[in-house]
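Student: Dumping the structure here so I can ask a few things about it.
Readers should treat all values here as calculations from the given coordinates under stated rules, not as data from a laboratory. Keep in mind that this is a model prediction, so the values were computed, not measured. All Cβ positions, even for glycine, are placed from backbone atoms using ideal geometry, and neighbour counts span all protein chains on display.
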Amino acid sequence: MGLRSRLKKLLLGKTEPTPTPQDLPKPGQVVRQTGRPKPPPEKYRTTRAPDKPKRATDGAKPLATPAKPEAATPKAAKGLSEEEAKKLKRQQRAIERAKRGTLQFLVDAGGGGELGEMHDHSERKYFVAHRGFSRLLEGLTDDGLVDFDHDTGHAEVTQAGRDYLS
């Protein structure tokens, strides 16, 4: 018996033996628990009043499904409150600023640029990144303002894009 074991025995009394490799379960062996599991300590137990439902769905009304938001167009702004219409206008102005700024960035870079550079610029300057940047670039290409080569990741401003800026 080693020194540590003797000290443990003196301080703690009789201790459980340390399991040996023969006592451990073998790979693939199913270990079954004997007896019932112990209940949680009292401080973690919750008590429910008998008149309250056991689950959130018991006796609860079904939730209404939210309506899908309409596209951000001036036509959709007619049914909105004044505050919501202002928010929508601000969002459209921010998108327009980012669109013009990204085009100007490409023009300043010699008429074209790499996808990563455009992403970094729009993220730092206009806070448009990831999905928003994807939408912005798709909008620019759909409007014919930018030609984008997916193989090289290079974008070129078209003449329509230059006219858009002026």
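Student: Which three extents, in angstrom, do the Cα atoms of segment 81-165 have along their principal axes, listed largest first?
Tutor: Projected onto the principal axes, the Cα atoms of segment 81-165 cover 45, 26, 20 Å.
Student: Next question. Order 98-104, 128-134 from most to least packed using the mean count of other Cβ atoms within 10 Å.
Tutor: Details: 98-104: 19.3, 128-134: 14.7.
Output ranking for 98-104, 128-134: 98-104, 128-134.
Student: ALA94 label point, 7 Å along Cα→Cβ, cut-off 19 Å on backbone N: hits in segment 116-134?
Tutor: Those under the cut-off are 119-134.
Student: A follow-up question, please. Could you work out how much longer the chain between LEU24 and LEU7 gets when fully extended? Use 0.36 nm per residue separation minus the Cα distance between them, nm to one decimal.
Tutor: In short, 3.5 nm is gained.
Student: For SER166 paired with GLU84, estimate the spin-label separation in nm (one decimal), with each label point 7 Å from Cα along the Cα-to-Cβ line.
Tutor: So the label points at SER166 and GLU84 sit 4.2 nm apart.
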